[in-house]
Structures are given as C-alpha cells and as structure tokens.
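Have a look at this one before I ask anything.
The values are calculated or read from the model by the stated rules, or taken from the named source; none is laboratory data. Keep in mind the model is a prediction, meaning the values are calculated, not measured. All Cβ positions, glycine included, derive from the backbone under ideal geometry; neighbour counts span all protein chains shown. Heads up: the accessible areas ignore ligands, DNA and RNA and are worked out on the full protein's heavy atoms, side chains in. Shrake-Rupley method; radii C 1.70, N 1.55, O 1.52, S 1.80 Å.
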Amino acid sequence: LSLVVLISGGGSNLRALLEAAADAEFPARVVAVGSDTDAPGLAHAEEFGVPSFSVAPTSFGSRDEWGAELLAQVRRWSPDLVVCAGFMRILPPVVVSALSPALINTHPALLPAFPGAHAVRDALAAGVQTTGVTVHVIDEGVDTGPVIVQREVRVEPGDTEAELHERIKTVERELLVQAVLDIANGHVDLKETAAR
Ligand code: GRF
C-alpha cells in the first residue's frame, strides 16, 4: 500500500509511520510527504529518504486553487491512501471528492466530541475525565467522516494541554500505524466504512 502523508507540524505521527514502514514486513510504504508549510516534520521524510513537497495556501488566490495544486502534487505519487497526520488545513471539496474514502485523518479526541483545531484544549476546558484519539475517513465535513478506530485516553488531574496532548499522541501513533496496517491487509475496507 503506497501512502502519501500530509503534515503541518512536528510530524511525530509521520515518524511513527516511517519507522513502521521501514520494516520490510510492514505492508505499506510512505512514498511522499506533503505539507502546507516548511513543516519541521519534513525533516523526518528527509531522514528516511522519502521525497516531500510543500503547497502553501498563501501562494494561491483561493482555497480551491490551493486544493487543486495540492491534489495534483499528491496524485504525482499515485498513492493508494492519503493520511492526514497533524495536517492543520481543511481540505477543499475538490480534494476530498477526488481522494475519499482513500483519505484518512487522525484527530486527538473521541469524535464527534471536540472537533476542530483545538481538540485537546477543548477537552481540558470541558473538564472531561476521558478523551482519546480517532482515526476516521475524511468526508466533506470538518472531522465528521466515518470512524475507523477510536481509543480512550485518561485525563489526569492538573494536566496541561501539552501533557495531555503528549499522552494522547503516544496512543495516537500506535493507533494510526495499526489503522494503516488494517487497511493494507484488508481488515478495514474504506469503501465499506464510508458507505456505513
Ligand atoms: C496530532 O495529535 C494530530 O491529531 C493533531 O495534531 C497533532 C500532530 O502531531 N491534529 P504531530 O505533528 O504528528 O507530532
């Protein structure tokens, strides 16, 4: 299974996929990494000898023009699956309709709880005892697509956003690798998931 992974930040989820894929037994390969900026996480791609590209929204007159270019860059690699791992942009409909359901995202909350870009902060502010991680198919909404897998993460008293997010990420990296593995070996059928 060939993957294109899209990131915006540090890329620890990307790194987990790169490390898993470095094992010849793992049935998926990261063929390219894309970003909306010169994300620090692109350094992981370089370290693993994986090509990368950046498509900055600021260089385009509209979101749809940005989306069209991002889609063109992704398609150059003919991926079987596109994985958004800390990609902090909403994909325009032109991208989602072209790629979904072979387009998944990882989100640091138990969707539908706490959608959006501040899920960890929102969970803390809500005072919940338990939050978690969701890997889902991206549909035309924001963090609304059908869930592939979720796992709970305890909130500890006195957690800062950073501490809770790090605890979430330790689970998230494992869950994302497992989700890609299940998709690669057919245990998860994305068309079936999306049709649910
Ligand atoms: C992840 O928790 C992801 O779910 C969220 O941002 C974080 C990105 O972390 N959208 P990293 O860049 O993979 O380290």
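Can you tell me the 0 to 90 degree angle between the C-alpha axis of helix 12-21 and the longest principal axis of the chain, rounded to 10?
For 12-21 against the chain, the angle is about 60 degrees.
Once the range 4-86 is represented by equal point scatterers at the alpha-carbon sites, with solvent omitted, what log10 I(q)/I(0) does the Debye formula produce at q = 0.11, 0.13, 0.19 Å⁻¹?
-0.27, -0.38, -0.77
Keeping all protein chains in place, calculate the accessible area per residue for the chain (probe 1.4 angstrom), answer in Å².
Each residue of the chain exposes 47 Å² on average to a 1.4 Å probe.
Here is a follow-up. I'd like the antiparallel share, as a percent to the nearest 5, of DSSP beta bridges with both residues in the chain.
Working: 11 of 27 bridges.
Roughly 40 percent of the DSSP beta bridges within the chain come out antiparallel.
Under a no-solvent Debye model with one identical scatterer per Cα of the range 87-150, what's log10 I(q)/I(0) at q = 0.12, 0.26, 0.29 Å⁻¹?
Result of the Debye calculation: -0.29, -1.09, -1.26.
Tell me, what is the FRET efficiency for Gln129 and Val171 to the nearest 0.05, using R0 = 22 angstrom and their Cβ-Cβ distance as r? Write down the numbers at each step before the final one.
Working: r = 16 Å, r/R0 = 0.71.
Given R0 = 22 Å and the Cβ-Cβ separation, E is 0.90.
I've got another one for you. Please tell me the relative contact order of the chain in percent, rounded to the nearest whole number, where contacts are Cα pairs under 8 Å and at least six residues apart.
20
What fraction of the Cα pairs in the chain, stated in percent, has a spacing above 25 angstrom?
Roughly 32 percent, rounded to a whole number.
Separate question: Kindly list the residues of the range 169-196 that lie in the label zone of Asp80, defined by a backbone N under 20 Å from the point 7 Å along the Cα-to-C-beta vector.
Those under the cut-off are 175-195.
Still on this structure: If R₀ is 35 angstrom, what is the calculated FRET efficiency for the pair Glu46 and Glu192, using the beta carbon separation as r and rounding to 0.05?
So the FRET efficiency works out to roughly 0.45.
Right, here's the next one. Mind checking the angle between helix 63-75 and the chain's longest principal axis? C-alpha axes, 0 to 90 degrees, to the nearest 10.
70
Okay, moving on. Based on the Cβ-Cβ distance from Ser62 to Arg121, what FRET efficiency comes out when R0 is 30 Å, to the nearest 0.05?
Plugging the Cβ-Cβ distance into 1/(1 + (r/R0)^6) gives 0.55.
Which ³J(HN,Hα) values, rounded to whole Hz and listed in residue order, are derived for the range 96-108 from phi using the Karplus coefficients 6.51, -1.76 and 1.60 in 6.51 cos²θ - 1.76 cosθ + 1.60 with θ = phi - 60°, glycine and proline given as x?
Values, residue by residue: 4, 5, 6, 9, 4, x, 7, 8, 10, 9, 10, 10, x Hz.
Could I ask something else about it? How much net charge surrounds Gly67 when only the other residues with a Cβ under 13 Å from the Cβ of Gly67 are counted, with Lys and Arg +1 and Asp and Glu -1? Numbers along the way, then the final one.
Values: positive: Arg63, Arg75, Arg89; negative: Asp36, Asp64, Glu65, Glu69, Glu140.
Value of the local net charge: -2.
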